[in-house]
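The values are calculated or read from the model by the stated rules, or taken from the named source; none is laboratory data. All figures in this text were calculated on a predicted structure; none of them were measured in a lab. As a convention, Cβ positions derive from the backbone with ideal geometry for all residues, glycine included, and neighbour counts pool all protein chains shown.
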Amino acid sequence: MIGAQWIGRELGSSVLLVERGRLKFFAKAMGETNPIYFDEAAAKAAGYADVPAPPTFLFAADLDSGLIFNLLDQMGVALSKVLHGEQSFEYFAPVVAGDVITFKSTIKNIYSKRAGALEFIELEGLAVNQQGESVARTRNVTVVRN
Amino acid sequence: MPGPTFDSVAVGDDLPALLLPPLDRTTLALFAGASGDHNPVHIDLDVARSAGLPDVFAQGMLGMAWVARLLTGWAPQAQLRRLGVRFVGITQLGNMISCTGRIVEKLEADGERRVLIDLRAANQFGQTKIVGEALVALP
C-alpha cells in the first residue's frame, strides 16, 4: 500500500527547454499532418511565434523531468503495474518551440478501491513559461494494480 | 479554410471523426521516444510478458494525442481551453481507433463564447477506450 503520508507532498520543480525538433518528432509520432506543427513559416502564418506544442505535449515534458517515474520508484511501485487513469489540461497561453517551461507538481490525493486492489495517485501541476506566465494547469491520475 | 464559428454550430452537432490506421509496434516505439514515456510495457514484449500481459499495448497518452488531433483538426489549437479524459480501456495492437466528438453545450465564460464537446475514442469493435470532454472557444 502507498501510504497517505505522501498526500500534499510537492515534487519539486523541473525545467524543460521546448526544442523544435522534439516538437516535430512528437507531432509525427501522433500522426499529425497539419504543417503548422512542422514548419516555422506555416506556424507564423497561423499566428504562432514558432512551431506550437500539440495540446498533450506538456505531459511528455513532465515525464522528461523524471519526477513521476522517480516518485513511483520511491513509492515502491513497479512500472509494469501502473496504468494512466485520467489526464486533463487547462490552457492559459500557447507553448511554442524555444519556450522554457517550469513545472511544479503536487500530490493531491492517494486513495484505494476494491479493498486495495487498485490504488490511485492524483497529481496536480502548473506549467509556467520563461516570462513567468502560467501556460497550463494539469491533473493526472495514475492507477496502480496491486 | 475558415474554422467553425459559434453561430454556425449547434448542440448535437458532431465533429468530423478522426479515423486511425491499425495500431502497430512502430507507432508505439516512436511515441515512447517522442513522449518521454519509456515504460517498457509499451515497447518491449519480453517485459510485457514477464508482467503477465499478453503483449505490449498503447500508451494512454497516444490515444489522448489522437483525441487532441480530432479537436485541432476542427478548430485552431489556440482556441482550446480545456481537455480532459479518462482512460477506460486498453488499446491493443491492431485496434483501429475512431475519435469522435459531439457539441453538448454552448456557453459564455470569461468574456468569450465557448462550446463543450463530449469526446470518445473507440476501436473497430465499438469498445470504448477513452471518454472525455473539451472546452473550445469559437469566434
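Considering region A:8-58 alone, what residues qualify as being of a type in the set (Val, Ile, Thr), surrounded by fewer than 20 Cβ atoms within 10 Å (Cβ to Cβ) and under 30 Å from B:ARG25 (Cβ atoms)? Please lay out each step first, then the result.
Initially, region A:8-58 is screened for residues of a type in the set (Val, Ile, Thr), giving A:15, A:18, A:33, A:36, A:51, A:56.
Checking which are surrounded by fewer than 20 Cβ atoms within 10 Å (Cβ to Cβ) leaves us with A:15, A:33.
Scanning region A:8-58 gives a single hit, A:THR33.
Starting from residues that are in contact with a Leu (Cβ under 6 Å, 6 or more places away or on another chain) and in contact (Cβ under 8 Å) with a residue 60 or more places away in the chain, keep the ones in region B:16-51 and report whichever is farthest from the other protein chains (Cβ to nearest Cβ).
We begin by selecting, within region B:16-51, every residue in contact with a Leu (Cβ under 6 Å, 6 or more places away or on another chain); these are B:18, B:23, B:31, B:36-37, B:39, B:42-43.
In the following step, the residues that additionally are in contact (Cβ under 8 Å) with a residue 60 or more places away in the chain were identified as B:18, B:23.
Details: B:LEU18: 9, B:LEU23: 11 Å.
Checking each candidate, the answer is B:LEU23.
Could you grab me the full set of residues in region A:4-21 that are farther than 13 Å from A:LEU71 by Cβ and either small (Gly, Ala, Ser) or in contact with an Asp or Glu (Cβ under 9 Å, 6 or more places away or on another chain) (or both)?
A:ALA4, A:GLY8, A:SER13, A:LEU16, A:LEU17, A:VAL18, A:ARG20, A:GLY21
Residues B:ILE117, B:ILE103, B:ILE90: which one is in contact with a Gly (Cβ under 9 Å, 6 or more places away or on another chain), outside any helix (DSSP H, G or I) and surrounded by fewer than 16 Cβ atoms within 10 Å (Cβ to Cβ)?
Numbers: B:ILE117 fails: surrounded by fewer than 16 Cβ atoms within 10 Å (Cβ to Cβ); B:ILE103 fails: surrounded by fewer than 16 Cβ atoms within 10 Å (Cβ to Cβ).
One residue alone meets the criteria, B:ILE90.
Restricting to region B:96-115, count the residues that are within 14 Å of another protein chain (Cβ to nearest Cβ) and in contact with a Leu (Cβ under 6 Å, 6 or more places away or on another chain).
Here is the first cut: in region B:96-115, the ones within 14 Å of another protein chain (Cβ to nearest Cβ) are B:96-99, B:101, B:109-110, B:112, B:114.
Next, only the ones that are in contact with a Leu (Cβ under 6 Å, 6 or more places away or on another chain) stay: B:97-99, B:101, B:114.
Count: 5.
Tell me which residues, restricted to region A:34-77, are under 21 Å from the mean Cα position of the chain (by Cα) and among the hydroxyl-bearing types (Ser, Thr, Tyr).
If the condition is that a residue be under 21 Å from the mean Cα position of the chain (by Cα) and among the hydroxyl-bearing types (Ser, Thr, Tyr), then A:TYR37, A:THR56, A:SER65 are the ones that fit.
Of all residues being acidic (Asp, Glu) and within 30 Å of A:ALA42 (Cα to Cα) in region A:53-75, which is nearest to the other protein chains (Cβ to nearest Cβ)? Just the residue, please.
Step one: filter region A:53-75 for residues acidic (Asp, Glu), giving A:62, A:64, A:73.
Add one more test, that the residue is within 30 Å of A:ALA42 (Cα to Cα), and what stays is A:62, A:64.
Details: A:ASP62: 8, A:ASP64: 4 Å.
Result: A:ASP64.
Of the conditions (1) modelled with pLDDT under 95; (2) buried (at least 19 other Cβ atoms within 10 Å of the Cβ); (3) not in a strand (DSSP E or B), A:GLN5 clears all except one; give me its number.
Of everything listed in (1) modelled with pLDDT under 95; (2) buried (at least 19 other Cβ atoms within 10 Å of the Cβ); (3) not in a strand (DSSP E or B), A:GLN5 misses just condition (2).
Pick from region B:1-46 the residues that are assigned to a loop (DSSP other than H, G, I, E, B) and among the small types (Gly, Ala, Ser): which of them is nearest to the chain's Cα centre (by Cα)? First the steps, then the outcome.
Residues of region B:1-46 that are assigned to a loop (DSSP other than H, G, I, E, B), as a first pass: B:1-5, B:9-13, B:15-17, B:20-24, B:36-39, B:43-44.
Now drop any that are not among the small types (Gly, Ala, Ser), which leaves B:3, B:10, B:12, B:17, B:36.
Numbers: B:GLY3: 20, B:ALA10: 22, B:GLY12: 19, B:ALA17: 11, B:GLY36: 18 Å.
Going through the qualifying residues, I end up with B:ALA17.
Looking at the structure I just gave you, is B:ARG86 more than 19 Å from B:PRO22 (Cβ to Cβ), over 12 Å from the mean Cα position of the chain (by Cα) and modelled with pLDDT of 95 or more? Give the derivation first.
Numbers: more than 19 Å from B:PRO22 (Cβ to Cβ): yes; over 12 Å from the mean Cα position of the chain (by Cα): no; modelled with pLDDT of 95 or more: yes.
So B:ARG86 fails the test.
Within region B:52-74, work out how many residues are facing another protein chain (nearest Cβ under 9 Å) and surrounded by fewer than 19 Cβ atoms within 10 Å (Cβ to Cβ).
Of the residues in that region, 3 qualify.
Give the residue that is nearest to the chain's Cα centre (by Cα), with candidates limited to residues of region B:120-139 that are assigned to a loop (DSSP other than H, G, I, E, B) and either under 14 Å from A:SER88 (Cβ atoms) or in contact (Cβ under 8 Å) with a residue 40 or more places away in the chain (or both). Reasoning before the result, please.
Of the residues in region B:120-139, the ones assigned to a loop (DSSP other than H, G, I, E, B) are B:123-127, B:138-139.
Checking which are either under 14 Å from A:SER88 (Cβ atoms) or in contact (Cβ under 8 Å) with a residue 40 or more places away in the chain (or both) leaves us with B:138-139.
On the way: B:LEU138: 20, B:PRO139: 24 Å.
Per the criteria, the residue is B:LEU138.
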